[in-house]
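Inspection log for the structure reproduced underneath, given as structure tokens.
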Amino acid sequence: LIIDDVALMCKVIHNIVADYGNCEIATSGQSAIHIFRSRHEKNESFDVVFLDINMPETDGYQVLSSLREYEKANNIEKPCLIIMLSAISDTYNKDKAYEIGANDFIAKPMNRSAILDSLDKHGIVKTK
């Protein structure tokens with residue numbers, strides 16, 4: 001699941017990861033939460049969520065918290081990998097993301113190797 005309010009960013013990430021599996025795109029926090037929950041209700045969970053922090057209405061931190069709360073409330077044994085994305089990559093924002101439940105953090109602008117390295121590091125894909 002790729003969550004970013006900038007359609008171009010969604011397309012860039014999609015082009016990088018599409019060879020490794022099916023991708024869905026959400027351009028708002030609320031639609032992302034809905035898609036995430038709907039897929040779980042169908043027993044079709046996501047392996048990875050790429051989540052932008054800076055979005056209107058529902059920001060990435062709120063989405064992250066909601067997804068982790070949903071996983072906990074539904075006793076999901078294998079929580080999905082959530083990789084936060086942000087142009088603001090200071091220590092405060094990184095720490096906040098990890099405290100809420102992010103597994104990784106990639107600073108924008110990002111490149112193909114940063115995304116694939118993160119997926120490799122977490123055992124999602126073998127790139128090396």
> Could you state the number of Å between the C-alpha centres of the stretch 66-128 and the stretch 1-37?
Replying inline: 14 Å
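Only sites in a loop by DSSP and with at most 11 other Cβ atoms within 10 Å count here; which GluC sites (Glu not before Pro) in the stretch 1-84 make the cut?
Here the GluC sites (Glu not before Pro) that fit, given the DSSP loop and packing criteria, are 44, 57, 77.
I need the trypsin sites (Lys or Arg not before Pro) found in the stretch 61-126, filtered to DSSP loop residues with at most 13 other beta carbons within 10 Å of theirs.
Numbers: sites: 68, 72, 94, 96, 112, 121, 126; in loops: 126.
Those that pass, being in a loop and sparsely packed, are 126.
Averaging the inverse of every distinct alpha carbon separation and then flipping it gives the Kirkwood radius. What is it for the stretch 73-128, in angstrom units? Before the final figure, lay out each step's value.
On the way: mean 1/r = 0.0810 Å⁻¹.
With all distinct Cα pairs of the stretch 73-128 included, I get 12.3 Å.
Add -39500 (n - 2.57) for each DSSP H run of 4 or more in the chain, then divide by its residues: what number comes out at 222 nm, to the nearest 500 deg cm²/dmol?
Working: 5 runs with 58 residues, N = 128.
Value at 222 nm, helices only: -14000 deg cm²/dmol.
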> Which value in nm describes the separation of the simple spin-label points at residue 126 and residue 76, placed 7 Å from the Cα toward the beta carbon?
Replying inline: 2.7 nm
>> To make sure I understand the rule: partners must be lysines, Cα under 18 Å from the Cα of residue 108, and not fewer than 8 residues away in the same chain. Which ones qualify?
In response: 11, 94, 96
>> If R₀ is 35 angstrom, what is the calculated FRET efficiency for the pair residue 11 and residue 39, using the beta carbon separation as r and rounding to 0.05?
In response: 0.95
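Convex hull over the alpha-carbon atoms of the chain: what's its volume per residue in Å³? Let's see the in-between values first.
Working: hull volume 12.8 nm³, N = 128.
That works out to 100 Å³ per residue.
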>> From the Cα trace of the stretch 1-62, what convex hull volume per residue do you get, rounded to a whole Å³?
In response: 70 Å³
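The numbers here are math on the coordinates, done by the rules we state, and not lab data. All values derive from a computational prediction rather than experimental measurement. We place every Cβ from the backbone using ideal geometry, glycine too, and count neighbours over all the protein chains shown.
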